[in-house]
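Read the structure below first, then the notes.
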Amino acid sequence: MGPHEEAAASRGRKMSRLDSFIARMKAQRDCLNHLKPLIDPLPGPILEIGLGNGRTYDHLRELFPDRDIYVFERKVAAHPECIPPADRLFLGEARDAIPRAASVLGATAALIHTDLGTGDHAANVAMGRWLGPALDTLAASGGYVLANQPLEVARWRRQADPPEVPADRYFLYRVE
C-alpha cells in the first residue's frame, strides 16, 4: 500500500480507483520528467512497453522529439493521434514481442518504460518474474528502466524516487 492508500485507509476508506489512477499517472509523468535530463546525453532508443490509449507514448514524444521510440502492444486500440509508425511497433504478447525486438535492437535502450499489469496482484508478481529479465535483453548499460511494479534484475540498481513521487508508487532503476 502506498502513502495515498494509507492516508485514505486512515480516514476509514480505501482510495477510489479514480484517485489511485490519477496518483499513478502523476507519478509516471513526474518520473519521466525527472529522467529527461539523465536520458538526453545517452545514445539509444526509448521503449514503451504497453501502449494502452497512447497517453504515455504521446508524452515521451514530447519529451524526446528526436529520439526513436519503439512501442510494444498486444493489440492497438490507442487514440488515432497516438499510434506509432508501423516500423516502431512490436505487436503481440510481450513474452513473444520482447525477444523479437531484442534480436533486432539488441541491448541498446536508453530508457525502458513499462506499465503492464492488471488488478490481480498475484498475476502481476508472476509477470514481473519473467518481465524484468526479458527487458534486460533490451536495456543498455547506463540506461534506465521505469516500471509500475518492482522488477528483480541483477544488474539493475534501484534509484531514489523523485521528491514529488510517493515511495513505491513507481520503480526507477539504473542499468549497470
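The values are calculated or read from the model by the stated rules, or taken from the named source; none is laboratory data. Quick caveat: nothing in here was measured; it's all calculated off a predicted structure. With ideal geometry, Cβ positions are generated from the backbone for all residues, glycine too; neighbour counts draw on all protein chains shown.
Within the group PRO84, PRO45, which residue is touching a residue at least 40 places away in the same chain (Cβ under 8 Å), in contact with a strand residue (DSSP E or B) (Cβ under 9 Å, 6 or more places away or on another chain) and either of a type outside the set (Val, Ile, Thr) or crowded, with 20+ Cβ neighbours inside 10 Å (or both)?
On inspection, the qualifying residue turns out to be PRO45.
I'm checking my understanding of the structure. Among residues of the range 1-60 that are of a type in the set (D, E, K, R) and closer than 19 Å to GLN159 by Cα, which one is modelled with the lowest pLDDT?
ARG24
For the range 99-112, state whether one or more residues are charged (D, E, K, R) and more than 21 Å from TYR173 (Cα to Cα).
yes
Can you tell me which residue among ASP168, ASP115 is at positive phi, among the acidic types (Asp, Glu) and surrounded by 13 or more Cβ atoms within 10 Å (Cβ to Cβ)?
ASP168
Could you tell me how many of the residues in the range 129-176 are without any contact (Cβ under 8 Å) to a residue 24 or more places away in the chain and part of a strand (DSSP E or B)?
Within the range 129-176, residues that are without any contact (Cβ under 8 Å) to a residue 24 or more places away in the chain and part of a strand (DSSP E or B) number 2.
Within the range 107-128, track down each residue that is under 26 Å from ILE39 (Cα atoms) and either polar (S, T, N, Q) or without any contact (Cβ under 8 Å) to a residue 24 or more places away in the chain (or both).
If the condition is that a residue be under 26 Å from ILE39 (Cα atoms) and either polar (S, T, N, Q) or without any contact (Cβ under 8 Å) to a residue 24 or more places away in the chain (or both), then THR108, THR114 are the ones that fit.
Hey, any hits in the range 135-142 for a residue that's closer than 25 Å to ASN33 by Cβ, loosely packed, with under 14 Cβ neighbours inside 10 Å, more than 14 Å from the chain's Cα centre (by Cα) and modelled with pLDDT of 95 or more?
Looking through the range 135-142, at least one residue is closer than 25 Å to ASN33 by Cβ, loosely packed, with under 14 Cβ neighbours inside 10 Å, more than 14 Å from the chain's Cα centre (by Cα) and modelled with pLDDT of 95 or more.
Can you name the residue in the range 93-108 that is at pLDDT 95 or above and in contact with a Phe, Trp or Tyr (Cβ under 8 Å, 6 or more places away or on another chain) and is also surrounded by the fewest Cβ atoms within 10 Å (Cβ to Cβ) among such residues?
Filtering first and then ranking leaves ARG100.
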